[in-house]
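Trainee: Quick one: the structure is below, questions incoming.
The values are calculated or read from the model by the stated rules, or taken from the named source; none is laboratory data. Nothing here was measured: the structure is a model prediction, and the numbers come from that model. Cβ placement follows ideal geometry from the backbone for every residue including glycine, while neighbour counts extend to all protein chains displayed. Surface accessibility is based on the protein's heavy atoms, side chains included, excluding ligands, DNA and RNA. Shrake-Rupley method; radii C 1.70, N 1.55, O 1.52, S 1.80 Å.
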Amino acid sequence: QVQLVESGGGLVQRGGSLRLSCAASGSIVSINTMAWYRQAPEKQRELVAVITSGGSTNYAGSVKGRFTISRDNANNTVYLQMNSLKPEDTAVYYCNVLGLRAAVGSPLSFGAWGQGTQVTVSS
């Protein structure tokens with residue numbers, strides 16, 4: 001099994017910064033993409049940023065230029081540096097990891113979600 005543990009959320013004023021972390025552990029063979037999603041009250045969960053195993057990144061238009069996703073492959077950890085935060089960034093942020101896990105015989109693909117961390121930006 002694979003577990004994800006998130007940290008770094010909190011309350012910040014408009015224009016402030018936060019850094020989220022998500023560490024994956026368990027019977028991991030390899031990790032492909034790592035991503036951050038967010039879900040605001042009464043809204044659909046949306047992709048915020050994604051980073052591939054090769055380091056390519058992609059961002060939602062609403063956060064481009066303000067958020068930076070990065071990863072530490074040695075520690076199976078993904079980060080989201082959030083700058084110039086706005087009240088509309090308020091949401092629960094979830095990390096998502098896709099990869100291969102150990103299994104009897106051949107490795108199996110997995111997809112795992114973090115427990116979510118609340119980010120609140122006050123005006």
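Trainee: Considering only the range 56-67, state which residues are farther than 24 Å from THR120 by Cβ and either open to solvent by 80 Å² or more (accessible area, probe 1.4 Å) or among the small types (Gly, Ala, Ser) (or both). Write out each step before concluding.
Mentor: At the first step, the residues of the range 56-67 found to be farther than 24 Å from THR120 by Cβ are 56-58.
Of everything in the range 56-67, those that are farther than 24 Å from THR120 by Cβ and either open to solvent by 80 Å² or more (accessible area, probe 1.4 Å) or among the small types (Gly, Ala, Ser) (or both) turn out to be SER56, ASN58.
Trainee: Of everything in the range 66-104, what is touching a Phe, Trp or Tyr at 6+ places or on another chain (Cβ under 8 Å) and assigned to a loop (DSSP other than H, G, I, E, B)? Give them in sequence order.
Mentor: Hit for the range 66-104 is ASN83, nothing else.
Trainee: Now for a separate question. Within the range 93-121, take every residue that is of a type in the set (Ser, Thr, Tyr) and under 23 Å from GLY10 (Cβ atoms) and give me the one that is least open to solvent (accessible area, probe 1.4 Å). Steps first, please.
Mentor: Residues of the range 93-121 of a type in the set (Ser, Thr, Tyr): 93-94, 106, 109, 117, 120.
When the remaining residues are screened for being under 23 Å from GLY10 (Cβ atoms), the result is 93-94, 117, 120.
Values: TYR93: 0, TYR94: 40, THR117: 19, THR120: 48 Å².
Ranking the candidates gives TYR93 first.
Trainee: Restricting attention to the range 73-92, and to residues there that are in contact (Cβ under 8 Å) with a residue 60 or more places away in the chain and open to solvent by less than 10 Å² (accessible area, probe 1.4 Å), which single residue is farthest from the chain's Cα centre (by Cα)?
Mentor: Within the range 73-92, the match that is farthest from the chain's Cα centre (by Cα) is LEU85.
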